[in-house]
Structure formats: structure tokens, C-alpha cells
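Please read the structure below before turning to the comments.
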Amino acid sequence: MKITNREATILIALAETGGSNSEIASKLGIAENSVKVYLVKLRKKLEQQGIDVSTRIKLYEWAKECKREYSVDTREPIDELERSIYEDGISE
């Protein structure tokens with residue numbers, strides 16, 4: 001199970017802003033409900049891998065750590081974060 005490019009984009013936006021769904025949606029130019037749906041899907045995928053992201057704070061902290069650990073620059077292609085997440089064992 002791998003995360004999609006859009007899920008990775010949402011994860012980066014969460015790591016950068018720590019903001020609400022509304023703030024993330026505004027930053028990315030998508031609907032607030034879309035952010036909510038992507039975050040729910042991300043939580044399920046991560047928790048299936050044994051990563052505790054049961055609260056928004058835990059998800060935010062995990063996203064921040066992942067972004068920091070791999071020095072992901074959001075101006076680079078999103079595949080960089082996706083690749084780094086796969087290397088971290090978040091795929092089957």
C-alpha cells in the first residue's frame with residue numbers, strides 16, 4: 001500500500017503549516033472536504049503500517065519528522081517525498 005502524490009502533497013502541507021483543513025485547502029487550492037478525505041486515507045494507511053497517528057497532533061508530528069528527516073523541499077517534485085516515505089517502510 002503506497003501513498004498517492006496528492007496524499008504526499010497533503011502531508012507536506014500539514015508538516016509545513018500545522019494548519020487546519022481549511023488552511024491546507026487554501027494553500028493547495030482544493031476543497032476543504034478533499035483535505036479531510038485525504039487525511040483520513042493517510043491515517044488508515046499509516047496505522048496499517050503500525051504508525052500511531054491516531055490524533056491530528058501525532059499525524060502532524062510524524063509528517064514534520066518525515067519532512068525533516070528527508071530534507072524534502074516542496075519546490076522539488078512530490079515524488080521525492082513519496083520515495084523517501086517508501087524507503088521508510090510505509091509501503092507493502
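Grab the helices (runs of 4 or more DSSP H) fully contained in the range 1-62, keeping just those with 3 or more residues being in contact with a Phe, Trp or Tyr (Cβ under 8 Å, 6 or more places away or on another chain), surrounded by 15 or more Cβ atoms within 10 Å (Cβ to Cβ) and touching a residue at least 12 places away in the same chain (Cβ under 8 Å).
5-17
Applying the selection to the range 3-41, what residues are under 21 Å from S54 (Cβ atoms) and not aliphatic (A, V, I, L, M)?
Answer for the range 3-41, where residues must be under 21 Å from S54 (Cβ atoms) and not aliphatic (A, V, I, L, M): E7, T17, G18, G19, S20, N21, K36, Y38, K41.
Bear in mind these aren't lab numbers, they're just calculated from the coordinates by the rules spelled out. Predicted, not measured: the structure shown is a model, and the values here were computed from it. Using ideal geometry, Cβ is built from the backbone for each residue, glycine included, and neighbour counts are taken over all protein chains shown.
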